[in-house]
Amino acid sequence: MLAPILIGTAVVLGGALSARWNWWRPKRAGIPILLYHKVGIPPKESKLKKLWVSPEKFRRQMAYLSQRGYQAITFNDLYQHWDLKLALPKKPVIITFDDGYVNNYLEAFPPLRDFGFRATLFVVVNTVGADNRWHNPATETRIPMMTWAQVRELKKAGWEIGSHTMNHPNLTKLPMDKVREELTESRKHIAEFLGEAPLTFANPYGAGEDDPLIRKAVQDSGYRLGIGIHAGKWTPDQMTQCPYGVPRVFIRGEENMLDFHLQCTRGQSRL
Ligand SMILES: [Zn+2]
């Protein structure tokens, strides 16, 4: 009597665990583009805790990459690879941060520097030196964003600075002239503050990443790549055929190192 119950329980449990951690998914070629938001301990009242990765976990993730022989590149390195045929490392990873929180500078920059990694930061121009004013304060606390001086320091350390618009709107909810304004104005301002116009754009909320009109506006504004939030690794085919709606690996605060390993090797860790 007991054996069938035990076997049944094992099958159900095994099924549930395999859905939660997709170890069975084949490894995928391509570049993992990691997506981070905040590195720090979330305030108690935050309802978006998954967007916060603890500093300790972040350092462990960077140690994992370093031990496995990953080398962090930026999209600028890819442009040089495409235009000047500069070689890419054997095992590239791209580490990206959306929005531009000061905790990226305080908590992520030092460990990244320790491991010799550079990252890409997508800034919301009108919030630099201010706070995350686009968030509803009922769901996410107001926290400080980096200043231009800090952004400049990261750029000097080899980071790429891309655009994440002027105000962090959902681009699919704006008329096209406003979409174009968010794209061109942010590019212009970043060029003024940093002396170099960004070539990489990240869609706030991933919104509009598949919309042909928004993709065209991103392209017409002078960006070579539009980075989205579809889950997965970026494969060589996609790199040449689809420069907008680039997929990323979303790193969530509650996930463990097995998730991180599956994300880096398979592009996703769960169903
Ligand atoms: Zn964002």
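The values are calculated or read from the model by the stated rules, or taken from the named source; none is laboratory data. None of the values given here were measured: they were computed from a predicted structure. Glycine gets a Cβ as well: all are built from the backbone with ideal geometry, and neighbour counts include every protein chain shown.
Figures for the structure shown
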{"read-out": "Segment 138-159: number of residues that are within 16 Å of the ligand (Cβ to nearest atom) and either without any contact (Cβ under 8 Å) to a residue 12 or more places away in the chain or not in a loop (DSSP other than H, G, I, E, B) (or both)", "value": "4"}
{"read-out": "Some residue of segment 178-187 being within 16 Å of the ligand (Cβ to nearest atom) and without any contact (Cβ under 8 Å) to a residue 24 or more places away in the chain", "value": "yes"}
{"read-out": "Cβ-Cβ under 6 Å pairs, at least 6 apart or on other chains, segment 84-105 side closer than 22 Å to Ser66 by Cα, far side among the hydroxyl-bearing types (Ser, Thr, Tyr) and surrounded by 13 or more Cβ atoms within 10 Å (Cβ to Cβ)", "value": "Lys91/Tyr70; Val93/Tyr70; Thr96/Thr120; Phe97/Tyr36"}
{"read-out": "Selection count where residues are within 11 Å of Val125 (Cα to Cα), among the hydroxyl-bearing types (Ser, Thr, Tyr) and part of a helix (DSSP H, G or I), scope segment 160-190", "value": "1"}
{"read-out": "Thr200 vs. criteria among the β-branched types (Val, Ile, Thr), at pLDDT 95 or above and over 22 Å from Val123 (Cβ atoms)", "value": "no"}
{"read-out": "From the options Gly222, Gly245, Gly208, residue that is surrounded by fewer than 17 Cβ atoms within 10 Å (Cβ to Cβ), touching a residue at least 12 places away in the same chain (Cβ under 8 Å), on the phi > 0 side of the Ramachandran plot and in contact with a helix residue (DSSP H, G or I) (Cβ under 8 Å, 6 or more places away or on another chain)", "value": "Gly222"}
{"read-out": "Yes/no for Thr96 being under 24 Å from Ala29 (Cα atoms), within 16 Å of the ligand (Cβ to nearest atom) and not in a loop (DSSP other than H, G, I, E, B)", "value": "yes"}
{"read-out": "Odd one out for Leu86, checked against (1) surrounded by fewer than 16 Cβ atoms within 10 Å (Cβ to Cβ); (2) of a type outside the set (S, T, N, Q); (3) in a helix (DSSP H, G or I)", "value": "(3)"}
{"read-out": "Filter pass, Pro198 being within 16 Å of the ligand (Cβ to nearest atom) and either within 19 Å of the chain's Cα centre (by Cα) or more than 20 Å from Val246 (Cα to Cα) (or both)", "value": "yes"}
